[in-house]
Each structure stands twice: as C-alpha cells, then as structure tokens.
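Right, one structure below, let's go through it.
The values are calculated or read from the model by the stated rules, or taken from the named source; none is laboratory data. Computed from a prediction, not measured in an experiment: that's the story for all the values here. Glycine also receives a Cβ, built like all others from the backbone with ideal geometry; neighbour counts cover every protein chain displayed. The area values use the complete protein model at the heavy-atom level, side chains included, leaving out ligands, DNA and RNA. Shrake-Rupley method; radii C 1.70, N 1.55, O 1.52, S 1.80 Å.
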Amino acid sequence: MIGIVDYNMGNLASVINAFKKVGANARLESDPSKLLHYDKLILPGVGAFGDAMMHLKSNGMDEAVKAFAASGKPLLGICLGMQLLFESSEEFGETKGLGLIPGKVVAFDEKKFDHPQKVPHMGWNELFKNVGANPRGCPLFEGLPDEFYLYFVHSFHAVCDDTYAIGKTHYGYEFVSAVQNGNIYGIQPHPEKSHENGLKIIENFTKL
C-alpha cells in the first residue's frame with residue numbers, strides 16, 4: 001500500500017489518478033500515527049514552503065515523515081514535496097525543512113541566466129538523468145532515455161552536493177531537478193502531469 005501525505009498542500013487528485021493508471025493502490029493519509037503502516041510514501045506539495053512546513057508541524061506530520069524515512073522504506077517528494085526534504089528554504093525568509101537531504105532551496109537567480117527567461121519556470125522541459133554521483137542511473141528513471149521531458153511549475157530550486165543529484169535541468173542555468181539519499185527520493189517536476197514519462201516514473205517508484 002502506498003500512502004500519500006494529506007496536509008492540505010497538494011494536487012492530490014492528480015497524484016491518486018496517476019497511481020491508478022499504473023495499477024497501484026494509493027491512499028490519502030492525514031493521520032501521522034498511521035504513516036508507518038504503508039510500504040511506500042508520497043509527499044506531494046503545491047504552494048509556499050513556509051506554509052507547507054506549518055501544516056506539517058500542526059499535527060506532528062513532520063516528525064512522522066522523518067520516522068518513515070528512517071524506516072528505510074521508499075519515500076518520494078514531488079515538487080514542493082521534494083523541496084521540503086531539504087534543510088531549509090529562503091522563500092519568504094529562512095524556513096527550516098525536514099532535513100532529510102543536505103542542501104537548501106533558493107530562488108532562481110535571474111542575474112545568472114544565460115538568456116532572458118520568465119520566472120516561474122513553467123511548462124515542459126528536459127530532465128537529464130545519469131548525472132552527479134549516479135552516472136549509471138537511478139531506478140526511478142529506469143526505461144526512460146537519458147534526456148526526457150517533464151512538466152515543471154516552480155520559482156525556487158534545490159542546491160545540493162552532486163552526491164545527491166540524480167537529475168538536472170537547464171533553465172537559465174543548470175539546476176538539480178531530482179535527488180536521492182538512500183531510500184529518499186525527490187523530483188521537482190510533476191510526474192502526475194507529465195503523461196507517459198511521468199507515469200513511467202510513478203510505475204518505477206511502485207517497484208522500488
């Protein structure tokens with residue numbers, strides 16, 4: 001059984017539908033005491049980092065997610081959910097995250113762009129796999145080409161050591177768009193909105 005963390009900060013219907021399309025049994029869970037009952041966990045998220053952490057902390061869901069991560073079972077953060085895995089974010093001031101992956105979340109620095117781009121980064125863009133410390137690839141991307149398109153919507157991105165990078169994307173400059181720290185995975189784009197490529201990632205997650 002796959003649990004989807006329900007903390008009022010995600011496009012949950014789309015995530016559930018995506019799992020249904022690949023034949024997986026996924027269920028919303030808003031009770032932190034029940035997270036460890038699941039075999040795998042999804043941390044979705046749409047909105048502001050600080051609001052998301054406030055919602056997670058309001059009933060102890062933040063500590064429950066950390067406990068799940070410590071259990072060794074697969075955990076996947078999607079979009080804002082990926083960003084929450086990091087130690088902190090600079091969105092609307094410094095806010096502490098879950099601290100499950102070393103690194104931080106920063107705004108796109110338009111001064112560094114190689115040509116003018118609009119922020120937020122919105123629409124289809126390529127993810128390059130087999131990067132960082134994972135030149136042989138990550139099981140999350142099994143069966144996908146070295147470069148493939150996914151759907152992005154974000155104004156902030158993760159900064160971390162290449163040890164944790166499993167995917168990168170170019171928008172103005174290259175940034176980390178997918179991460180892994182043992183059993184903990186994160187992906188900045190929305191696989192649930194990315195048609196066949198996104199469904200392949202979701203299917204691969206169910207097989208971890």
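Key figures for this structure:
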{"quantity": "The stretch 102-121 and the stretch 137-197: distance between their alpha carbon centers, rounded to Å", "calculated": "16 Å"}
{"quantity": "LEU36/ASP161 FRET efficiency (R0 25 Å; Cβ-Cβ; nearest 0.05)", "calculated": "0.30"}
{"quantity": "Listed pairs LYS40/LYS66; LYS168/LYS207; LYS34/LYS73; LYS21/LYS200; LYS40/LYS96; LYS96/LYS193 exceeding 21 Å between Cα atoms", "calculated": "LYS168/LYS207; LYS40/LYS96; LYS96/LYS193"}
{"quantity": "Cα-centre dipole for the chain with unit charges at Cβ (Lys and Arg positive, Asp and Glu negative), debye to 20", "calculated": "480 debye"}
{"quantity": "Listed residues LYS168, LYS66, LYS129, most fluctuating in the chain (Gaussian network, C-alpha, under 10 Å)", "calculated": "LYS66"}
{"quantity": "Counting DSSP beta bridges with both ends in the chain, the antiparallel % (nearest 5)", "calculated": "60 percent"}
{"quantity": "Segment GLU87-ASP114, length gained on full extension (0.36 nm per residue, minus Cα span)", "calculated": "6.9 nm"}
{"quantity": "Residue-normalised accessible area of the chain, expressed per residue, 1.4 Å probe, Å²", "calculated": "44 Å²"}
{"quantity": "Equivalent-ellipsoid semi-axes of the stretch 109-184, from the Cα gyration tensor, Å, largest first", "calculated": "22, 14, 11"}
{"quantity": "The stretch 25-97 - percent relative contact order, Cα under 8 Å, separation 6 or more", "calculated": "37 percent"}
{"quantity": "Förster-model FRET efficiency, 30 Å R0, LYS57 and ASN11, C-beta, rounded to 0.05", "calculated": "0.90"}
{"quantity": "GNM result for the chain, Cα springs below 10 Å: residue of ALA70, ALA165, ALA26 fluctuating most strongly", "calculated": "ALA70"}
{"quantity": "Protein accessible area in the stretch 122-208, 1.4 Å probe - carbon and sulfur %", "calculated": "47 percent"}
{"quantity": "FRET E, pair GLU196, VAL106, Förster distance 35 Å, beta-carbon r, rounded to 0.05", "calculated": "0.65"}
{"quantity": "Positive-pole candidate from SER71, ILE166, LEU84, dipole of the chain, charges at beta carbon", "calculated": "SER71"}
{"quantity": "Candidate residues MET53, MET122, MET1: accessible-area rank, largest first, probe 1.4 Å", "calculated": "MET122, MET1, MET53"}
{"quantity": "Within the chain, longest stretch clear of exposed chymotrypsin sites (Phe, Trp or Tyr not before Pro) (DSSP loop, no more than 14 other Cβ within 10 Å)", "calculated": "114-208"}
